[in-house]
Amino acid sequence: MLYRLLLLMFILPSFAMAAATYETAHIERHGNSYEVLADYPQFKNPNAQEQKANKSIKRFVHSLFDKDLKGFVASKWSKEEIRESANPDSIEISFNIVFWDENRVSIYFEKYYFGMFAAHPVHNSYGFNYDIKNNKVIKLADLFKPGTTYLKQISDYCIKDLEGRDKGGELTGWIKDGASPKIKNLGEFTFNKNILTIYFSDYQVASGMTGLQKVEIPIEKLSGWKKGFDDQARFGY
């Protein structure tokens, strides 16, 4: 019994040191004809490096709605139009932690946008990936060795996966265009454990009614994965 107690006393502090914790921050902006709600994670009790990461995450979240908010504020909706509308100009941003530790974070953000008098909302997917030690955003190219044909590899996998879901073959052209090997098509991503996930927004590879699409790619299916990320990719939530 004493041995088990001593073992727990040794293990638990080590685990606590390794587990970087976060808390949810919230932003609200309201007006007569608009509403903006945004949630995002922040390191809890951050050290100097984590404070920089917190600022970078917050700055990224603001980039998702600041321009829209200016447009909302500048709108000149009349009181009658506001009363007639079923909904105000609105944005809601939510997140999901894909990976989070003291070295790197990978976060999925989803943006819901509904314009006043619009027939339906629009959803967009975003990936935010950050190297805390080096204080820099991780881009897709950073995960692969120089000269690797990573865009083609990812595109080929995504197209095959998405076409497999399209049983009627009605979206073939849409998929091949929206998932073609261009960074503007494949640049929204997260990664954890052994998976690289690519996200597609409404109308990118399917209609808005189909919903947001994502493709999960096992890392072993990709060649040229850069050393340093291979170890990190095998941890996380």
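The residues listed here are LEU69, LEU37; of these, the one that is buried (at least 16 other Cβ atoms within 10 Å of the Cβ), over 19 Å from the mean Cα position of the chain (by Cα) and within 19 Å of ILE27 (Cβ to Cβ) is LEU69. Within the stretch 54-88, the set of residues being of a type in the set (Val, Ile, Thr) and farther than 30 Å from PHE99 by Cβ comprises VAL73, ILE82. Within the stretch 74-103, the set of residues being more than 11 Å from VAL36 (Cα to Cα) and within 27 Å of the chain's Cα centre (by Cα) comprises ASN87, SER94, PHE95, ASN96, ILE97, VAL98, PHE99, TRP100, ASP101, GLU102, ASN103. Of all residues in the stretch 205-220, those satisfying the criterion of being closer than 15 Å to GLU188 by Cβ and in a strand (DSSP E or B) are GLN213, LYS214, VAL215, GLU216, ILE217. Considering the stretch 159-168, and only residues there that are charged (D, E, K, R) and surrounded by fewer than 17 Cβ atoms within 10 Å (Cβ to Cβ), the residue that is modelled with the highest pLDDT turns out to be LYS160. Of the candidates SER63, SER94, the single residue that is loosely packed, with under 12 Cβ neighbours inside 10 Å, closer than 24 Å to GLN213 by Cα, at pLDDT 95 or above and not assigned by TED's automatic domain parsing to the domain that holds LYS214 is SER63. Only one of the numbered conditions (1) under 20 Å from the mean Cα position of the chain (by Cα); (2) at pLDDT 90 or above; (3) of a type outside the set (Ser, Thr, Tyr) is violated by ASP156, and that is (1). Looking across the stretch 23-43, the residues that are in contact with a helix residue (DSSP H, G or I) (Cβ under 9 Å, 6 or more places away or on another chain) and either assigned to a strand (DSSP E or B) or over 30 Å from GLU80 (Cβ atoms) (or both) come down to ALA25, ILE27, ARG29, TYR34, GLU35, VAL36, ALA38, ASP39, TYR40, PRO41, GLN42, PHE43.
Whenever a residue of the stretch 145-159 is of a type in the set (A, V, I, L, M), its partners that are in a helix (DSSP H, G or I) and surrounded by 19 or more Cβ atoms within 10 Å (Cβ to Cβ), lying with C-beta atoms within less than 7 angstrom and at least six residues away or across chains, give the pairs LEU151/LEU186; ILE154/LEU186; ILE159/ILE175. Look at (1) touching a residue at least 60 places away in the same chain (Cβ under 8 Å); (2) surrounded by 17 or more Cβ atoms within 10 Å (Cβ to Cβ); (3) within 24 Å of GLU220 (Cβ to Cβ) and you find that ILE132 fails only one, number (3).
The values are calculated or read from the model by the stated rules, or taken from the named source; none is laboratory data. Since the model is a prediction, treat every value here as computed from it, not as a measurement. Glycine gets a Cβ as well: all are built from the backbone with ideal geometry, and neighbour counts include every protein chain shown.
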